[in-house]
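The values are calculated or read from the model by the stated rules, or taken from the named source; none is laboratory data. This is a predicted model, so every value here is computed, not measured. In case anyone asks, the SASA skips ligands and DNA or RNA and just uses the protein heavy atoms, side chains included. Shrake-Rupley method; radii C 1.70, N 1.55, O 1.52, S 1.80 Å.
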Amino acid sequence: MGGYAFGDSAAAARRLALLAQVFEPATRPFLERFAGHPYGLVVDLGCGPGHSTGLLAEVLAPGRILGLDQSPSFVALAAGSGSPPAEFAVHDVTVVPFPCPPANLVFCRFLLSHLPDPGAALAAWATQLAPGGLLLVEEVERIHTGQPALRSYLETAAALLAARGHTLEVGARLQRLPDPPGLVRRHDRAAPLAPAARQAARMFGQNLAVWRDDAVGSGVAPGGELDRLADDLAAVAAGRVGGTIAWELRQLAFQRG
C-alpha cells in the first residue's frame with residue numbers, strides 16, 4: 001500500500017502537537033548532547049507542522065534551520081506559526097538532493113518507521129551532510145504496556161503499518177543496520193520514557209480518529225471493533241481506567257568524516 005498512515009489533516013496536526021509534548025522529555029536531552037557547536041545549517045526531516053523544528057532551534061541555536069515535509073498543509077502551518085525563525089519547504093525526504101546546501105546536522109524523529117527501506121533512507125541522507133556533519137535519528141524500539149486498550153491500539157497500529165510495508169517498533173532494526181556509507185556511529189542508546197497512561201491514551205485516541213477509516217478499508221480491523229477501542233481509550237484518557245505504559249526509544253547519532 002505504501003504512504004504515510006497518519007495523514008496531514010487538521011486532526012493529524014493536533015495529534016502531532018500532543019506527540020511533541022509527550023516525547024519532548026526524551027528528545028530534548030538527546031539533542032542537548034550535541035548542543036554548543038556552531039551549526040551553520042540544521043535540517044529537520046519530516047518536520048510536520050514544525051514542533052520538532054522549534055525544539056531543534058531552541059536547543060541547537062543554528063545559524064539556519066530548514067524543515068522539510070512532503071505535506072503542503074503541514075508546511076503551511078509550520079511557516080505560518082512565526083516561531084521559531086525557520087524556513088520550511090515541501091519536499092519528499094526520501095529524494096536527494098535536499099533543496100539546500102550540505103547540512104551540518106540532519107535530524108529525524110518517528111519517520112523511518114513509515115519508510116519501507118530505512119537503510120536506504122539513511123544512506124541517502126548521509127550524502128547530504130557536510131564534512132563532520134551529524135545525522136541524528138530517534139525511533140521507537142519497544143512499547144511496554146499491560147493496559148488492554150493501550151495494547152489493543154498498539155497491535156492495531158502495528159498491523160496497519162505492516163500492511164503498508166512499514167514497522168512500528170523499528171528501533172531494534174536500525175541498531176542492527178551497518179553504519180551508512182561514509183558515516184561513523186557516535187551515539188547509540190535506548191532511552192526510556194514513561195508518560196502517564198492518560199496522556200498516551202489521549203494521543204492514541206487522536207491517532208485512531210485519523211486512520212480509523214483507512215484501517216477499516218484495508219481490512220486491518222472492523223469498524224465496530226475500532227469504535228469500541230475508541231471508547232476504551234477515552235475511558236483511560238479520562239482517568240476512569242488505570243494503567244501504565246513505557247517506551248524505549250532508539251537514539252542514534254552518525255557523523256561524516
Keeping every protein chain present and rolling a 1.4 Å probe, give me the accessible area per residue for region 71-196 in Å².
41
Rounded to a whole %, the carbon-and-sulfur portion of the accessible area of the chain at a 1.4 Å probe is 54
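Quick check on the chain: of the DSSP beta bridges with both residues there, what percent are antiparallel, nearest 5%?
On the way: 20 of 39 bridges.
Of all bridge pairs located within the chain, approximately 50 percent are antiparallel.
Nearest 500 deg cm²/dmol is fine: what mean residue ellipticity at 222 nm does the chain get from its DSSP H runs of n ≥ 4 alone, each adding -39,500 (n - 2.57), divided by its residue count?
Numbers: 8 runs with 109 residues, N = 257.
Mean residue ellipticity at 222 nm (helix-derived): -13500 deg cm²/dmol.
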Report the relative contact order of the chain, percent, no decimals, based on alpha-carbon pairs under 8 angstrom and at least 6 residues apart.
23
Just the Cα atoms of region 153-227, one point each, no solvent: what log10 I(q)/I(0) does Debye give at q = 0.14, 0.20, 0.26 Å⁻¹?
-0.64, -0.95, -1.21
Tilt relative to the chain, helix 197-217 - C-alpha long axis, 0 to 90 degrees, to 10
80
Answer with a single label: of (1) 1.06; (2) 0.96; (3) 0.98, which was calculated as Rg/Rh (Cα atoms, Kirkwood Rh) from the structure in view?
(2)
Considering Cα pairs under 8 angstrom that are at least six residues apart, work out the relative contact order of region 144-223 and quote it in whole percent.
36
What is the angle, in °, between the Cα long axis of helix 10-32 and the longest principal axis of the Cα atoms in the chain? Nearest 10 is fine, range 0 to 90.
50
Between the Cα axis of helix 223-237 and the main Cα principal axis of the chain, the angle (0 to 90°, nearest 10) is 80
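Pull out a ≥ b ≥ c, the square roots of the eigenvalues of the alpha-carbon gyration tensor of region 1-149, then state rounded if a/c is under 1.5, prolate if not and a/b is larger than b/c, and oblate in the remaining case. Walk me through the numbers on the way to the answer.
Numbers: a/c = 1.29, a/b = 1.29, b/c = 1.00.
Judged from the Cα gyration tensor, region 1-149 comes out rounded (a/c under 1.5).
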